[in-house]
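Only the coordinates and a few stated rules stand behind these numbers; no lab work does. These figures come from a predicted structure and were not determined experimentally. Note that we place each Cβ from the backbone using ideal geometry, even for glycine, and neighbour counts take in every protein chain shown.
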Amino acid sequence: MDYSSFITRLQIYLESLKAHEAKEFMQAIGRIDKAVQEALMNDELTETSAKKLALILGALGDEIADELKTVTEAFYASSLLIADYAQKSEAKFLAQALNITPNLADFKSAKIANTPMNGFGGANVKAVLSAFADKEQQRIINAIKLARHQGKTNHQIKQIIIGTKAKRYQDGLTFTTKRHAKAVVHTTVQHLASEARADLAAQLGIDEIKVVATLDGRTSRVCRSLDGRILPISHKPPYHVNCRTSYILWNGKDPKFRASMNGKVENQTYYEWLATQDSAFQDSVLGKTQGQLFRNGGLTPAKFAQLQLDKNFRPLTLAQIKQLEPVAFDRAFK
């Protein structure tokens with residue numbers, strides 16, 4: 001197995017760990033749903049005195065806070081173990097396959113957990129987890145207060161918080177909490193694994209990476225366009241919340257093959273791979289206008305990728321792309 005294949009296999013394993021950790025959050029939020037139901041089982045809140053309401057919401061708020069504190073603290077500990085595993089397994093592979101033996105004695109997963117996270121305003125892992133717990137608890141309690149103020153019944157309040165059976169409980173506040181939890185978990189695991197690899201690179205004196213995005217229909221525009229690029233390690237992923245993009249430490253050697261949603265394919269960039277897919281799939285990824293430009297504008301996959309982002313990796317608008325390549329637009333939409 002070559003190095004690139006190892007990184008792909010490691011990323012697949014990390015995705016399974018993300019799913020496992022997210023499941024722990026789902027179970028905690030399920031317990032929060034039950035706590036909300038129990039708090040609304042008795043007297044109508046609209047008929048409850050302000051003093052009694054404060055007691056009910058205070059007890060519920062404490063229960064929600066305890067659930068979220070427990071699950072976030074457990075995840076923090078697990079995430080450090082995941083980062084430690086990621087670095088040790090990569091170091092072991094490098095030692096066996098490339099005869100490179102980095103020194104792992106100085107690696108401290110808690111230290112890399114203090115690094116700023118992209119997508120969360122530069123906050124570190126603990127700050128992100130703490131903000132998640134505080135915000136979600138307050139959001140639920142405030143929603144109950146507002147619903148009572150608006151004269152909602154306990155049944156209506158329960159539907160606001162938990163959702164309705166008709167919508168498979170996907171229309172309640174705690175369903176949004178679940179989405180937020182998954183985003184926090186997935187991004188944290190990806191961030192720590194990335195930082196662990198960067199720590200390894202520093203030990204080996206490697207300062208460049210090759211970006212490896214996922215060849216499927218869910219990859220973001222930023223990651224699609226950076227796939228295959230050789231960048232300074234300071235520009236490593238994750239590039240956004242829920243980012244799945246990884247990277248290899250660049251040694252100047254490309255593998256012959258890489259993984260895709262269709263199985264193993266020849267080594268190629270995202271847009272080179274996309275060019276081999278049918279037009280319907282291309283449009284589902286790019287949108288109809290960009291899809292037509294991609295197919296009919298006479299642009300190479302590399303040039304198309306260059307036109308997607310500015311120098312700070314921010315997506316360009318169609319108007320900006322047209323300004324840069326008016327001939328390609330004329331050719332695509334004549």
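Placing unit charges on C-beta atoms (Lys and Arg positive, Asp and Glu negative, everything else neutral), compute the dipole magnitude of the chain about its Cα centre in debye, rounded to 20.
Values: 45 positive and 34 negative charges, 144 e Å.
Taking the Cα centre of the chain as origin, the dipole is about 700 debye.
Which whole-number percent is the relative contact order of the chain (Cα, under 8 Å, 6+ apart)?
Working: 400 pairs, mean separation 54.9, N = 334.
The value is 16 percent.
Thinking of the chain as a set of Cα atoms, what percent of all their pairs are more than 27 Å apart? Walk me through the intermediate numbers first.
On the way: 30926 of 55611 pairs.
So the pairs more than 27 Å apart make up 56 percent of the total in the chain.
So, in nm, how far is label GLU15 from label LYS288 when the simple model puts each one 7 Å beyond its Cα toward the Cβ?
3.0
How big is the charge dipole of the range 101-167 about its Cα centre, in debye rounded to the nearest 20, if each Lys and Arg gets +1 on its Cβ and each Asp and Glu gets -1 on its Cβ?
Working: 11 positive and 3 negative charges, 95 e Å.
In debye, rounded to 20, the range 101-167 gives about 460.
If you build a Gaussian network model of the chain, linking Cα atoms that sit under 10 Å apart, which residue out of GLY119, GLY205, GLY291 swings the most?
Most flexible of the set in this elastic network: GLY205.
Rounded to the nearest 0.05, what FRET efficiency do ARG331 and VAL241 give with R0 = 51 Å and r taken as the Cβ-Cβ distance? Could you check?
Details: r = 36 Å, r/R0 = 0.71.
It comes out at approximately 0.90.
What's the exposure ranking of VAL222, VAL189, going from fewest to most Cβ atoms within 10 Å?
Numbers: VAL222 19, VAL189 24.
In increasing order of surrounding Cβ atoms, one gets VAL222, VAL189.
Where Lys and Arg each count +1 and Asp and Glu each count -1, what net charge lies around GLY30 among other residues with Cβ under 10 Å from its Cβ?
Details: positive: ARG31, LYS34, LYS178; negative: ASP33, GLU67.
Spelling it out: positives minus negatives among the neighbours equals +1.
Test of understanding: ordering ARG314, ARG221 by Cβ neighbours within 10 Å, fewest first, what list do you get? Write down the numbers at each step before the final one.
Values: ARG314 9, ARG221 16.
Least crowded to most crowded, the residues run ARG314, ARG221.
Charges on Cβ only, +1 for Lys and Arg, -1 for Asp and Glu, centred on the Cα centroid of the chain; of ASN242, ILE230, TRP273, which one is farthest towards the dipole's positive end?
TRP273
What does the convex hull of the alpha-carbon atoms of the range 252-334 project to on average, in nm²? Kindly include the intermediate steps, with their values, before the conclusion.
On the way: hull surface 25.9 nm².
Mean orientational projected area (the range 252-334, Cα hull): 6.5 nm².
Can you give me the three principal axis dimensions of the range 44-112 from its C-alpha atoms, in Å, biggest first?
73, 20, 11
If you rank LEU249, LEU204 by fewest surrounding Cβ atoms within 10 Å, what's the result?
LEU204, LEU249
Which value at 222 nm does the chain reach when only helices count, each DSSP H run of 4 or more adding -39,500 (n - 2.57), with the total divided by all residues and rounded to the nearest 500 deg cm²/dmol?
Here the helix-only value at 222 nm equals -20000 deg cm²/dmol.
How large is ³J(HN,Hα), in whole Hz, for each residue of the range 17-27 in order, when computed from phi with the Karplus curve 6.51 cos²θ - 1.76 cosθ + 1.60 and θ = phi - 60°, using x for Gly and Pro?
These are the phi-based 3J(HN,Hα) values: 5, 4, 4, 5, 5, 5, 4, 4, 5, 4, 5 Hz.
So what is Rg over Rh here for the range 141-206, counting just Cα atoms and using Kirkwood for Rh? It would help to have the intermediate numbers written out before the result.
Working: Rg = 20.5 Å, Rh = 14.7 Å.
Radius of gyration relative to Kirkwood radius: 1.39.
Return one quarter of the surface area of the convex hull spanned by the alpha-carbon atoms of the range 135-290, equal to its mean projected area, in nm². Before the final figure, lay out the partial values.
On the way: hull surface 53.0 nm².
Reported value for the Cα convex hull: 13.3 nm².
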